[in-house]
Amino acid sequence: MVSYFMKRYAMSEKGAINLKKAIISHTFVNLTKLFAPMIAFMFLFQYIGVLKGIESYNFTLFHYLILIIVMMILMFLVARWDYVRLYTNVYNESANSRIDLAERLKKLPLSYFGKRDLADLAETMMNDMNLYETIFSHAVPHIYSTAISTGIISLMLIIYNPKLAFAALWVIPISLLIIFLSRKSQKKVVQNWIDDNRKVFDDLQEKIEQIEQIKSYNLEEQMLKDFFKKLNMSTKQKTKGEIVAGTLTGIATAILKLGIISVAVVGVNMLIAGEVNILVYIAFLMLTTSIYLPIEGIITFMSMIVMLDAVVGRIREIKTMPIQEGKKQMEITNYDIEFKDVHFGYDNYSVINGISFIAKQGEITALIGSSGSGKTTVAKLTARFWDVDRGKILIGGKDISEVDPETLLKNFSIVFQDVILFNTSIKDNIKIGKKDATDEEITRAAKIARCDDFINKMPEGIDTIIGENGQRLSGGERQRISIARAILKDAPIILLDEATASLDVENESLIQEALSELIKEKTVIVIAHRLRTIRNADKIVLLNAGKIEAVGTDSELCKSSKFYKAMLEKANIQ
């Protein structure tokens with residue numbers, strides 16, 4: 001059962017065990033609900049039995065009061081036990097699932113995120129998990145426990161009086177069959193609503209991110225119309241789902257109520273025929289009413305279970321994605337980076353086709369080529385943001401596919417063209433490079449990266465909050481903070497992807513001076529469109545359509561590569 005729950009609901013082993021316990025505890029809760037009609041039946045059996053000449057026990061009202069008190073205490077204890085098993089454990093499992101998803105997302109290659117919308121992932125982490133909590137605390141254990149408790153009670157009724165039992169139970173399979181046969185149509189409606197709802201969230205996030213462009217082109221009214229159109233579609237799907245679920249639930253519940261009429265009619269005929277006495281007749285009427293209550297709950301929860309399938313599918317997709325793993329320690333004697341016949345692509349689209357070269361420690365290796373030639377992809381493959389399809393990437397002779405990404409990245413300082421900053425202080429943004437850095441180290445890194453000129457103009461200096469993704473800073477200022485991070489980390493391998501692209505000529509020359517101090521005795525891979533910034537590199541790797549066109553120094557390529565000379569001429573560089 002535990003393995004079934006793990007597979008069916010994408011649960012951890014502990015969560016599946018707790019679900020099993022919750023089902024058992026809630027089964028007892030359902031059974032304790034029979035205490036009240038049982039005590040009522042005992043009372044009627046004693047006092048009506050006297051009128052009918054049926055001998056029974058002699059309980060006083062005090063005895064019944066004691067029974068009621070004991071019943072209430074027992075029901076309270078069972079309910080409390082069930083609460084811990086049901087709600088507390090479910091919420092703990094939900095919290096653990098969120099942590100597990102976050103851990104898995106951290107270990108997934110960047111290629112996965114390239115295929116998924118970030119708003120969609122956030123929706124899975126938050127809203128889907130909230131729905132997961134609700135369904136597992138209010139539906140799943142109830143359905144299983146009700147099935148078990150109803151089976152136990154049904155068996156007892158059949159043993160006691162098969163004829164009346166059949167009169168009471170025949171409606172249950174018919175009601176459940178209606179719900180079961182309608183699951184396909186319900187699932188389609190629910191999935192459509194989920195898809196439309198996600199489109200609304202995606203559209204909202206996109207419009208917030210592009211608010212500047214929307215305003216600058218006076219597209220506010222058109223964008224609002226598009227958004228409300230998607231919102232209306234989502235609302236219509238939600239309403240359609242509620243109508244479908246409500247109608248089916250109403251029909252199934254109405255059929256269920258026929259069981260009471262069935263027991264009443266059959267019981268009266270048996271009473272007239274002398275097959276049962278009045279006490280048995282009353283007892284069956286009372287038990288029939290009690291047995292239908294949890295069944296009605298199952299019928300109501302069925303629509304939630306249909307929704308659960310979609311939620312679990314999305315969670316399972318993340319949990320079953322292959323993650324990047326490897327050794328937690330990396331012992332090497334040098335930091336030479338070697339590409340050996342590396343191939344890489346996205347889905348069916350090939351990006352890198354059989355690249356082989358060596359970037360030596362203590363040298364600057366420049367990657368150049370036209371847009372889309374694969375320069376940035378090579379840099380990201382080096383840091384194992386993605387795993388290669390074929391071939392090997394070695395650092396110090398060690399295959400990086402065998403090293404844990406977190407361990408590997410401790411050896412990298414990276415500055416990419418697209419800078420990501422956090423809504424915190426300049427100091428904290430730089431400190432990301434080295435969490436335990438002192439204030440002096442942070443200030444020094446900021447100074448080397450030429451951040452001090454704009455920091456001194458800030459109202460709170462280095463402690464100034466810079467807004468979401470550094471919105472209070474210019475592009476060049478944001479880039480310099482990114483460079484300060486890399487300087488602070490001081491790792492043996494440095495990847496620079498258009499590191500000076502957002503800087504003016506004056507600041508670019510200053511940063512080049514700072515970088516020259518940073519890169520001493522380190523392995524440096526530089527990507528640049530401005531060819532004049534890499535002409536002094538120790539090695540230039542010229543890429544074209546995912547392949548190496550030529551390798552050599554500036555002077556060597558000027559002599560041997562027509563492609564390189566054409567690039568220089570196009571850039572007006574002699």
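The values are calculated or read from the model by the stated rules, or taken from the named source; none is laboratory data. Remember, it's a predicted structure, so these values are computed and weren't measured experimentally. Ideal geometry is used to build each Cβ from the backbone, glycine not excepted, and the neighbour counts take in all protein chains shown.
Of the helices (runs of 4 or more DSSP H) lying entirely inside the stretch 2-112, the ones with 2 or more residues being under 22 Å from the mean Cα position of the chain (by Cα) are found at 2-9, 13-32, 89-107. Taking the stretch 458-487 on its own, how many of its residues are without any contact (Cβ under 8 Å) to a residue 60 or more places away in the chain, crowded, with 23+ Cβ neighbours inside 10 Å and within 11 Å of LYS427 (Cβ to Cβ)? Selection size over the stretch 458-487: 1. Tallying residues that are among the aromatic types (Phe, Trp, Tyr), touching a strand residue (DSSP E or B) at 6+ places or on another chain (Cβ under 7 Å) and surrounded by fewer than 16 Cβ atoms within 10 Å (Cβ to Cβ) within the stretch 340-353 yields 0.
In the stretch 549-560 there is at least one residue that is part of a strand (DSSP E or B), modelled with pLDDT of 80 or more and among the β-branched types (Val, Ile, Thr). Figure legend. Inter-residue proximity from the stretch 446-457: first residues under 19 Å from ILE414 (Cβ atoms), second residues surrounded by fewer than 22 Cβ atoms within 10 Å (Cβ to Cβ) and charged (D, E, K, R), beta-carbon distance below 8 Å, spacing 6+ or different chains. Indicated pairs: ALA446/ASP452; ILE448/GLU517.
Of all the listed residues (ASP453, ASP436), the sole one being assigned to a helix (DSSP H, G or I) and not aromatic (Phe, Trp, Tyr) is ASP453. Which residue, of SER356, SER371, is under 19 Å from ARG535 (Cα atoms), more than 33 Å from the chain's Cα centre (by Cα) and loosely packed, with under 15 Cβ neighbours inside 10 Å? From the options SER356, SER371, the qualifying one is SER371. Scanning the stretch 206-217 for residues that are closer than 19 Å to ASN469 by Cβ and out of contact with any Leu (no Cβ under 8 Å at 6 or more places or on another chain) returns GLU206, LYS207, ILE208, GLU209, GLN210, ILE211, GLU212, ILE214, LYS215, SER216.
Within this structure, PHE136 passes the test of being assigned to a helix (DSSP H, G or I) and surrounded by 13 or more Cβ atoms within 10 Å (Cβ to Cβ). Among residues of the stretch 215-235 being closer than 16 Å to ARG198 by Cα and in contact with a helix residue (DSSP H, G or I) (Cβ under 8 Å, 6 or more places away or on another chain), the one that is surrounded by the fewest Cβ atoms within 10 Å (Cβ to Cβ) is ASP226.
Can you find, within the stretch 54-70, the residue that is modelled with the lowest pLDDT among those that are loosely packed, with under 13 Cβ neighbours inside 10 Å and either among the polar types (S, T, N, Q) or on the phi > 0 side of the Ramachandran plot (or both)? The residue in question is ASN58. Residue count for the stretch 415-433 under the criterion of being polar (S, T, N, Q) and not in a loop (DSSP other than H, G, I, E, B): the result is 2.
When ILE527 is tested against (1) closer than 28 Å to GLY396 by Cβ; (2) in contact with a strand residue (DSSP E or B) (Cβ under 9 Å, 6 or more places away or on another chain); (3) surrounded by fewer than 21 Cβ atoms within 10 Å (Cβ to Cβ), only condition (3) is not met. Restricting LEU231, LEU224, LEU219, LEU204 to those that are under 26 Å from the mean Cα position of the chain (by Cα), over 30 Å from ARG183 (Cα atoms) and not acidic (Asp, Glu) reduces the list to LEU204. You will find that of PHE412, PHE454, the residue that is surrounded by 15 or more Cβ atoms within 10 Å (Cβ to Cβ), under 21 Å from LYS328 (Cβ atoms), in contact with a Leu (Cβ under 8 Å, 6 or more places away or on another chain) and aromatic (Phe, Trp, Tyr) is PHE412 and no other. Annotation: of all residues in the stretch 391-411 being closer than 15 Å to ALA491 by Cβ, of a type in the set (A, V, I, L, M) and not in a helix (DSSP H, G or I), the one that is nearest to the chain's Cα centre (by Cα) is VAL403. Within the option set ALA283, ALA273, ALA245, being over 22 Å from PRO141 (Cα atoms), aliphatic (A, V, I, L, M) and touching a residue at least 24 places away in the same chain (Cβ under 8 Å) holds for one residue only, ALA283.
In summary, LYS380 fulfils each of the numbered conditions (1) closer than 26 Å to ARG535 by Cβ; (2) more than 26 Å from the chain's Cα centre (by Cα) with the single exception of condition (2). Residues of the stretch 439-450 that are hydrophobic (A, V, I, L, M, F, W, C) and either surrounded by fewer than 15 Cβ atoms within 10 Å (Cβ to Cβ) or within 11 Å of LYS427 (Cα to Cα) (or both): ILE442, ALA445, ALA446. The set of residues in the stretch 327-339 being of a type outside the set (S, T, N, Q), surrounded by fewer than 16 Cβ atoms within 10 Å (Cβ to Cβ) and not in a strand (DSSP E or B) consists of LYS328, GLU331, ILE332. Counting only residues that are more than 54 Å from the chain's Cα centre (by Cα) and of a type in the set (S, T, N, Q), which one in the stretch 255-305 is surrounded by the most Cβ atoms within 10 Å (Cβ to Cβ)? Among residues in the stretch 255-305 that are more than 54 Å from the chain's Cα centre (by Cα) and of a type in the set (S, T, N, Q), the one surrounded by the most Cβ atoms within 10 Å (Cβ to Cβ) is ASN277. Being touching a Leu at 6+ places or on another chain (Cβ under 9 Å), crowded, with 17+ Cβ neighbours inside 10 Å and either modelled with pLDDT under 75 or of a type in the set (A, V, I, L, M, F, W, C) (or both): is that true of ILE318 here? Yes; evaluated as a whole, the condition is true for this residue.
Condition check: small (Gly, Ala, Ser), in a strand (DSSP E or B) and touching a Lys or Arg at 6+ places or on another chain (Cβ under 9 Å). Does SER373 satisfy that? No. The criterion of being at pLDDT below 80, of a type outside the set (Asp, Glu), more than 30 Å from GLY345 (Cα to Cα) and in contact with an Asp or Glu (Cβ under 9 Å, 6 or more places away or on another chain) does not hold for PHE180.
Quick grid of which residues meet (1) of a type outside the set (Gly, Ala, Ser); (2) touching a residue at least 12 places away in the same chain (Cβ under 8 Å); (3) part of a strand (DSSP E or B):
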| position | (1), (2), (3) |
| --- | --- |
| SER303 | no, yes, no |
| VAL306 | yes, yes, no |
| MET321 | yes, yes, no |
| GLU325 | yes, yes, no |
| ASP341 | yes, yes, yes |
| GLY345 | no, yes, yes |
| SER350 | no, yes, yes |
| ASN353 | yes, yes, yes |
| PHE357 | yes, yes, yes |
